[in-house]
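Worksheet: the structure to be examined is printed underneath.
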Amino acid sequence: MGGKIELSKCGACGALQEPGHSKCIRCGATRFVKELVELEGTVFTYTNCRALPEGLKHFDQVTYAIVDLECGARVLGQVRPAGSVVSGMPVVGKVGVTYEHPDGRQERGLVFRAKKHKGDWA
Amino acid sequence: MAEVAIVGVGMTRFGNREEDLMELLVEASWAALEDARATDVECGGVFVGNMASGLLNRQTAVASALVDRLGLVPAPADRVENGPASGGSALAAGYRAVKSGLSDMVLVAGGEKMSDAPGPVVTETVATLTHPRAERNVGITLPALAALVTRLHAQRHGLSDRQRLQIAVKNHSNGAKNPRAHFQREITIEKAISSPVVSDPLRLYDCCPRSDGAAAILLANAEQAESFTDDPVFVRGSGQASDLQVLHEREDPLGLPAVRGAAARAFRQARLEPSAVDVVELHDAFTILELLEAENCGFFPTGGYARALEGGRLDIDGDLPVNPSGGLKARGHPWGATGVAQVCELVWQLRGAAGERQVEDPRVGFACNFGGFGNNVVCHVLSTEMGRDRREG
């Protein structure tokens, strides 16, 4: 089972978007509501990155993927374990720690894994 | 509206330089002023393209410092920041100042000193142009964004590693003929294909280096151009367009509407079609970008670039030479300098002064400076001839 995130939903055309905007990126309307969506979808495109920034230096590689969620939104996240997905593969996701600054601050973002993967999220 | 002429250009060698940012900007700017025999003239404005001096060099207000160092006080001076297209945006600002008639002469400079900071700091600095809550929070890098796009292109259009890396081979071959280029050596396709993976499918030779350097251009009202140079080059069109900041929110990440919009505006203003262009400078920070820009600017249909590359049409002696300077891959990419350096190269080409890398008898040049990750793009069309209205008037 994956987790859920709250996205902005356009009050006029229903387009889901993350991050939020002042005007809908599809129809230009300015009224939004929040909607909780399942983090389940398929990999649209991905890369296994080996030249990593400071906050990810403790990994050999990190997989980034653009994921088409079943709800219709498209999001960017990391995939764990790295190197485990290809385009079109079903994935589930959750919100987790995705970056650690040298001063100890942590960033949180979307973390996915292959839907069939039965291990932990490491 | 006035016609705008380029009457002087100057550029430092790009690479790992001992000089600090201000010394590089002064070297390039003074060269442009001397090129126009204009070291004693009054300047109506100074626009300096620079992306990250505050983060990399702990120096802000670089335009204020430059105008003092050049002895151009009290000229108005502004730093222009548009990420890796800061140079192109500085030129666009200078162009508007002269075109509108508010200024008769404007100095445009661009520079960056990147070797002051370690590689990972440079990588993180350029990543600050991504969205903090939708991209940067997962640690995305610019090479990783380019890799996502490259894989998508390969899936849709079947572009192979060999085809893509041929762009790097071409640009290194051109850079070997450019005495100001960061890398002045040729590479083989085998070397490129066997280089280390940065973010798959991108390899080291898919990516531009981090460079130090500066470039400068002196713009003048065309009516005064002949008092500065025998070979004025005219800025016929200046176009800029933006797009959604977040790559994955764009309807088609391969579509690059900001590139299409900026190019279309520049061509419309110039009253020229892409088919009129003889020499092109594109923003190949990553090999895939040269291909996507060429196709989205209207030089080739989708899928046409790889075929043209294989046929040698984009070489210096081809029918549409692309990046004769070596491009960002070989000439180098000091962020704030790049957009200005692209246009310096076009001016040398259009003057017939590009030495060993001279394209045969070019009349029209085109430059595309790619800001953000394609979300704020600046294009310029240059010509050896003034606009039609002016000539007929």
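Each value in this text was obtained by applying a stated rule to the coordinates, not by laboratory testing. Small disclaimer: the values here were computed from a predicted structure and weren't measured. Don't worry about glycine lacking a Cβ; one is built from the backbone with ideal geometry, like all the others, and counts go over all protein chains shown.
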For the stretch B:317-382, listing chymotrypsin sites (Phe, Trp or Tyr not before Pro) in a DSSP loop whose Cβ sees at most 11 other Cβ atoms within 10 Å gives none
Treating only the Cα positions of the stretch B:261-392 as identical point scatterers, give the base-10 log of I(q)/I(0) from the Debye formula at each q in 0.13 Å⁻¹. -0.49
For the protein assembly as shown, whose charge dipole is built from +1 on Lys and Arg Cβ atoms and -1 on Asp and Glu Cβ atoms, the candidate among B:Ala306, B:Leu247, B:Leu350 with its Cα farthest towards the positive end is B:Leu247
Point-to-point label distance, B:Ser194-B:Thr302, nm (Cα→Cβ direction, 7 Å offset): 3.7 nm
If one computes P(r) from the Cα atoms of the stretch B:146-204, what percent of pairs lie at distances over 13 Å? 63 percent
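For chain B, take the convex hull of the Cα atoms, compute a quarter of its surface area, and give me that in nm², please.
17.2 nm²
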Could you pull out every one of the lysines with an alpha carbon less than 28 Å from that of B:Lys177, ignoring same-chain neighbours closer than 8 positions? B:Lys113, B:Lys191, B:Lys329
What distance in nm lies between label points placed 7 Å from Cα along the C-beta direction at A:Val95 and A:Lys116? 3.1 nm
Local net charge near B:Glu249, Cβ-Cβ under 12 Å (Lys/Arg +1, Asp/Glu -1): -2
Full-extension gain in nm, B:Gln59 to B:Glu223, via 0.36 nm per residue minus C-alpha separation: 55.3 nm
Roughly how many nanometres apart are two label points built 7 Å out from the Cα toward the Cβ at A:Leu36 and B:Asp317? 6.9 nm
Signed unit charges on C-beta, dipole axis of the stretch B:1-113, positive-most listed residue B:Ser89, B:Ala28, B:Gly110: B:Ser89
Please report, in whole Å, how far the alpha carbons of the stretch B:88-225 spread along each principal axis, starting with the longest. 52, 43, 36
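Using +1 on the beta carbon of Lys and Arg, -1 on that of Asp and Glu, and nothing else charged, what's the dipole of the protein assembly as shown about the Cα centre, debye to 20?
I would put it at about 1840 debye.
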Could you give me the percent of Cα pairs per 10 Å distance bin for the stretch B:1-155, shortest bin first, beginning at zero and ending with the bin that holds the maximum distance? 10, 35, 29, 18, 7, 0
Positive end of the charge dipole of the protein assembly as shown (Lys, Arg +1 and Asp, Glu -1 on Cβ, about the Cα centre): tell me which of B:Val280, A:Ser22, B:Asn296 has its Cα farthest that way. A:Ser22
Evaluate the charge dipole of the stretch A:1-53 about its Cα centre and quote only its size in Debye, nearest 20, assuming +1 on the Cβ of each Lys and Arg and -1 on the Cβ of each Asp and Glu. 220 debye
State the Cα centre-to-centre distance between the stretch B:319-352 and the stretch B:85-114 in whole Å. 17 Å
Projected convex hull area of the stretch A:12-77, Cα atoms, direction-averaged, in nm², equals 5.9 nm²
Rg(Cα)/(2.2 N^0.38 Å) for the stretch B:218-290, N = residue count: 1.44
Proximal lysines relative to A:Lys23, as straight alpha-carbon distance under 30 Å, when same-chain residues fewer than 8 apart are discounted: A:Lys4, A:Lys9, A:Lys34, A:Lys94
Exposed-loop-free span, longest in chain B, where GluC sites (Glu not before Pro) count as exposed if DSSP calls them loop and at most 16 other C-beta atoms lie within 10 Å: B:43-185
Around B:Ile288, under 10 Å between beta carbons, what's the net of Lys plus Arg minus Asp minus Glu among the other residues? -2
Restricting things to Cα coordinates, could you compute the convex hull volume per residue of the protein assembly as shown in Å³? 145 Å³
Give, in whole angstrom and from largest to smallest, the semi-axes √(5λ) of the equivalent ellipsoid of chain A, with λ running over the eigenvalues of the Cα gyration tensor. 27, 17, 12
Below 13 angstrom from the Cβ of B:Ala93, what's the summed charge of the other residues (Lys, Arg +1; Asp, Glu -1)? +1
